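So the structure is just underneath, and the comments pick up after that.
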Amino acid sequence: MCGIIGYAGPREPVGIVLEALSRLEYRGYDSSGVAFFGKEGKISVVRASGKLSRLAESVQGMTGSPGTAIGHIRWATHGAPTEENAHPHRSGPIVLVHNGIIENERTLRRELVGQGYSFSSETDTEVLAHLIHRAYREEGDLARAVRKGLSGVEGSYALAVVCEESPGELVAVRKGAPLILGEGEGEFFVASDVPAFLKWTRRVMPLPPEVVATLSSKGVSLCRLSDGLGLPAVFEEVPWDPVQAEKGQYRHFMEKEIFEGPRAIMDTLEGRLGEENSRVFLPELVRLGPNPTEIVFVACGTSYHAALLGRLMIESLSPVPVRVEIASEFRYRPLRFRRGAWVIGISQSGETADTLGALEVARKEGYLTVAITNVGGSSITREAEATLLTRAGPEIGVASTKAFIAQVALVWLLALYLGRRESPDVRDSLAALVRSPARMEGFLGAVDRDLIDRLSRQILAARFAIFIGRGIDYPLAIEGALKLKEITYRPADGYPGGELKHGPIALVEPGVLIVAPLVDTRLRPKEISNIREIEARGGTVITIGPPGSGAEDPVPTFILPVSSEWDGVFYASAVLQLLAYRAASIAGNDVDQPRNLAKSVTVE
Ligand code: M6R
């Protein structure tokens, strides 16, 4: 959704805010704005519709006084992406930026209009500005005004607020939507995500929900939203490398992040394997007690696809039965799982509203909950009883790539953890996982880029792309189709290979392209039969897999290294990601910020 940045410190803040916003652009990109103190102590608000570059043009040559400033990048929910609806919003001396949705906006708006407030935008945010202004007139203190102003507000919000009458002070608060505090040398930051200020500090503290933070160049003070009770601020250093949040020699973050897949696996395994890599340790799970009677994964989008792979892995290596649920559907169904089941939410960002909602429902129903996330301190880590962190580092491209690879590595670890250590299958599988980062690195280093380009052009030329797969290849197929759709905007869909003849095969005719990962050796003969059915109807087929084993087994169009089945998932995923990436770049699309999408979906 939207991205927020706030700065309190001695430096000129406009440049800092703009740079931070450029690192949040992946969260939303239909309009943006900045508020800063000018020379006479007045707050200037500059806003622009469209990409951040439009705002950069508008503020060119402007400088703010040292002290505080706030900025925002928007992904529209209430009101069109116009300059009027862009943040910051103002009411009297109060200026603020907001991420989230106010559910009782209409009631509040009516009440405020009745009291003489007028509105210049269609946003729910302007309601918050007026509410805090109204409270400020009574309280005369910004933090108290924020607490009072929000007392009747329903919904989710992350806010950064400044006041013209209190130039050195910035107040931030959140409920539902994320905010992270950063502590630099005599300066403080607040942002929707760490990469925004990673260049300046790695010392961070996720702002807890319903806690008000007051930032100035002197420090941060925290208090509870409900009663103002003071709380300590404890910053910790994140292991993220600022270079990971830069594009380096790559044209797009997505490309860079695909090539960071091997490191994401390696870092995710780090410290979790015993001596000589003989067993898996996940001490985070010990507090949950005995192994689960059942696992229920809940997730959205690409994380859901990682969960589907997790099911296959856990079911093949351990006796634990597994279900996989789409989070947005799960939360509105009665939950009837076994006693002792674990409900595991997978979320790269740890902020996806549907996944958080699903875990909350599961916890209320008495199930043990676990989070698998890439962001330590994110909301999902607060919701779940135990957290397993993937360590993909910051993922900036909207299309998830290395985070997916790290999720697969982690669910594979989980499968091994739940499996019997003495079992030869478990031992072999662990060895394959340990080998996989080096093999993936070697594979990506020598990847045939010309072939990727040729196949990408073929995909672009097709009228429609159908991705099919069975067994392990099914989650790969639907993930490949999702990647293609979200960044190329081309029609594509994924199906289990066996389902094709129950309907989708009617679509097959010349001009329709089929993409078939062939990683699952057990089901490969059946997949090949499906491919033959398509070829017989004039469809063109691209296959991605290790070399075949016999005359009947065709040579794949894109040959992967020979693998144990599971590490083949890494290589095939990288190829599917590269195909989507290249097709989108050839089509001239904005690869890292595809239209209509946001990196983390913090609203339902
Ligand atoms: O942060 P999450 O893993 O919870 O996000 C879930 C989906 O929104 C996300 O995977 C989305 O589908 C990606 N854009 C796919 O590339």
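The values are calculated or read from the model by the stated rules, or taken from the named source; none is laboratory data. Keep in mind the model is a prediction, meaning the values are calculated, not measured. Counting neighbours? That spans all protein chains shown, and the Cβs are built from the backbone with ideal geometry, glycine included. For accessibility, only protein heavy atoms count, side chains too; no ligands or nucleic acids. Shrake-Rupley method; radii C 1.70, N 1.55, O 1.52, S 1.80 Å.
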- Task: Please indicate, with yes or no, whether at least one residue in the stretch 242-256 is free of Cβ contacts under 8 Å to residues at least 24 places away in the same chain, more than 16 Å from the ligand (Cβ to nearest atom) and among the aromatic types (Phe, Trp, Tyr).
- Result: yes
- Item | Any chance residue 265 is over 30 Å from residue 366 (Cα atoms) and either in the same structural domain as residue 381 (by TED's automatic domain parsing) or in contact with a helix residue (DSSP H, G or I) (Cβ under 8 Å, 6 or more places away or on another chain) (or both) | yes
- Item | Failed criterion for residue 366 (all others in (1) open to solvent by 10 Å² or more (accessible area, probe 1.4 Å); (2) at positive phi; (3) within 13 Å of the ligand (Cβ to nearest atom) hold) | (3)
- Name the single residue, out of those in the stretch 324-356 being in contact with an Asp or Glu (Cβ under 7 Å, 6 or more places away or on another chain) and touching a residue at least 40 places away in the same chain (Cβ under 8 Å), that is farthest from the ligand (Cβ to nearest atom). 338
- Every residue from the stretch 298-323 that is open to solvent by 20 Å² or more (accessible area, probe 1.4 Å) and within 28 Å of residue 177 (Cβ to Cβ): 300, 301, 304
- For residues in the stretch 1-11 being under 14 Å from residue 200 (Cα atoms) and in contact with a strand residue (DSSP E or B) (Cβ under 9 Å, 6 or more places away or on another chain), which is most open to solvent (accessible area, probe 1.4 Å)? 10
- Among 580, 598, which is within 16 Å of the ligand (Cβ to nearest atom), modelled with pLDDT under 90 and small (Gly, Ala, Ser)? 598
- Query: What are the residues in the stretch 532-558 that are β-branched (Val, Ile, Thr) and either free of Cβ contacts under 8 Å to residues at least 24 places away in the same chain or over 15 Å from residue 512 (Cα atoms) (or both), if any?
  - Reply: 544, 555, 557
- Message: So, in the stretch 397-416, exactly how many residues are over 20 Å from residue 286 (Cβ atoms), open to solvent by less than 10 Å² (accessible area, probe 1.4 Å) and either part of a loop (DSSP other than H, G, I, E, B) or not small (Gly, Ala, Ser) (or both)?
- Response: 8
- Query: Condition test on residue 563, is it in the same structural domain as residue 469 (by TED's automatic domain parsing) and within 16 Å of the ligand (Cβ to nearest atom)?
  - Reply: no
- Message: Scan the stretch 453-463 and tell me whether some residue there is in the same structural domain as residue 563 (by TED's automatic domain parsing) and within 15 Å of the ligand (Cβ to nearest atom).
- Response: no
- Message: Please determine whether any residue of the stretch 382-393 is within 16 Å of the ligand (Cβ to nearest atom), more than 16 Å from residue 297 (Cα to Cα), out of contact with any Phe, Trp or Tyr (no Cβ under 6 Å at 6 or more places or on another chain) and open to solvent by less than 60 Å² (accessible area, probe 1.4 Å).
- Response: yes
- Message: Based on this model, can you work out whether residue 226 counts as in contact (Cβ under 8 Å) with a residue 12 or more places away in the chain and in a loop (DSSP other than H, G, I, E, B)?
- Response: yes
- Message: Checking the conditions here, which among 54, 90 is basic (Lys, Arg) and over 30 Å from residue 154 (Cα atoms)?
- Response: 54
- Query: Out of all the residues in the stretch 446-454, is one or more open to solvent by less than 80 Å² (accessible area, probe 1.4 Å) and touching a Gly at 6+ places or on another chain (Cβ under 7 Å)?
  - Reply: no
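Listed here are the residues, each with its yes/no results for (1) out of contact with any Cys (no Cβ under 7 Å at 6 or more places or on another chain); (2) surrounded by fewer than 22 Cβ atoms within 10 Å (Cβ to Cβ); (3) under 14 Å from residue 587 (Cβ atoms).
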residue	(1), (2), (3)
471	yes, yes, no
479	yes, no, no
492	yes, no, yes
516	yes, no, no
- Task: Select from the stretch 302-323 the residues that are free of Cβ contacts under 8 Å to residues at least 40 places away in the same chain and either within 16 Å of the ligand (Cβ to nearest atom) or among the aliphatic types (A, V, I, L, M) (or both) and list them in ascending order.
- Result: 322
- Item | Failed criterion for residue 212 (all others in (1) out of contact with any Lys or Arg (no Cβ under 7 Å at 6 or more places or on another chain); (2) outside any loop (DSSP other than H, G, I, E, B) hold) | (1)
- Message: Among the numbered criteria (1) closer than 19 Å to residue 587 by Cα; (2) open to solvent by 10 Å² or more (accessible area, probe 1.4 Å); (3) more than 16 Å from the ligand (Cβ to nearest atom), which one does residue 496 miss?
- Response: (1)
- Task: For residue 376, indicate whether it is more than 12 Å from the ligand (Cβ to nearest atom), on the phi > 0 side of the Ramachandran plot and surrounded by fewer than 24 Cβ atoms within 10 Å (Cβ to Cβ).
- Result: no
- Query: If you go through the stretch 179-230 one residue at a time, how many are within 17 Å of residue 146 (Cα to Cα) and surrounded by 17 or more Cβ atoms within 10 Å (Cβ to Cβ)?
  - Reply: 14
- Task: Could you list, in sequence order, all residues of the stretch 258-301 that are hydroxyl-bearing (Ser, Thr, Tyr) and within 16 Å of the ligand (Cβ to nearest atom)?
- Result: 268
- Message: Would you confirm whether or not the stretch 250-273 contains a residue that is surrounded by fewer than 17 Cβ atoms within 10 Å (Cβ to Cβ) and closer than 24 Å to residue 594 by Cα?
- Response: yes
- the stretch 546-568 - residue that is outside any loop (DSSP other than H, G, I, E, B) and either among the basic types (Lys, Arg) or farther than 20 Å from residue 451 by Cβ (or both) and, of those, most open to solvent (accessible area, probe 1.4 Å): 565
- Task: Check the stretch 574-593 and report whether any residue there is in contact (Cβ under 8 Å) with a residue 12 or more places away in the chain and under 15 Å from the mean Cα position of the chain (by Cα).
- Result: yes
